[in-house]
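What follows is a single structure, written as structure tokens, with notes after it.
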Amino acid sequence: MNQKLTTEISKGKLLKKYNPHSLMLSMPKTIKTIEDAIDDKTTGTLNSVQREAGANTIEAILIGWLIHLNQLLDLKRPMTEQQIEYAALMIVQDYGTLKFSDLSLLFNQIIKGQHGSFYESLGIDKIMKIFQDYFDQRCEVGMNRSISKNIETKQGLAEVSTERKSNKYQ
């Protein structure tokens, strides 16, 4: 099989795997919090998909997600095609470290109204603000986890050190 055909088959599989409709329906069962999204091992990051399939493929996937969101929100003034394309590009550039589990969680939160009201319209500014807020929350969760793990490690090391000292003098 030639390389071009193999690449096209691979891209088709990625488009199917990261289809917004199927992921947004299946992920809420397992991805309910940012912690769940961080721990998810079933989906890749935007950057990893871009490395695997190229910039055009990841942008096409994100365009599909934004179109899906536009349709589900049933807005009077939805995002235009040009706005969707530009937003997809900005999301990849600014938030490539997010996983598709993050997107599923975030888009479901948007649909549920957890990121405010859109007053019948959605634009790049609103989408990017929502992504920024989510990313900030995700970073905070990650930082708190790292701090907790560091404290646990230090406590464990302190206990081992105390045990060694007590065993040394017995």
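The values are calculated or read from the model by the stated rules, or taken from the named source; none is laboratory data. Every value quoted in this text rests on a predicted model; they were computed, and no experiment measured them. Heads up, the Cβs are rebuilt from the backbone with ideal geometry, glycines too, and the neighbour counts pull from every protein chain shown. We work out accessible area using only protein heavy atoms, side chains counted, and drop any ligands, DNA or RNA first. Shrake-Rupley method; radii C 1.70, N 1.55, O 1.52, S 1.80 Å.
Sorting the segments 92-98, 77-83 by their residues' average number of neighbouring beta-carbon atoms within 10 angstrom, most packed first, yields 92-98, 77-83. Average accessible surface for segment 81-153: 54 Å² per residue, computed with a 1.4 Å probe over protein heavy atoms with every protein chain in place.
P(r) tail, segment 38-155: Cα-Cα pairs separated by more than 24 Å, 30% of all pairs. Sorted on the mean count of surrounding Cβ atoms within 10 Å across their residues, most packed first, peptides 57-69, 129-141 read 57-69, 129-141. Annotation: Cα Rg of segment 82-149 relative to the compact-globule expectation 2.2 N^0.38 Å equals 1.20.
For segment 26-82, the set of trypsin sites (Lys or Arg not before Pro) satisfying both a DSSP loop assignment and a count of at most 10 other C-beta atoms within 10 Å is given as Lys41, Lys76. Where the accessible area of segment 1-150 is counted over protein heavy atoms with a 1.4 Å probe, how much of it, in %, is carbon and sulfur? Here carbon and sulfur together make up 53 percent of the probe-accessible area.
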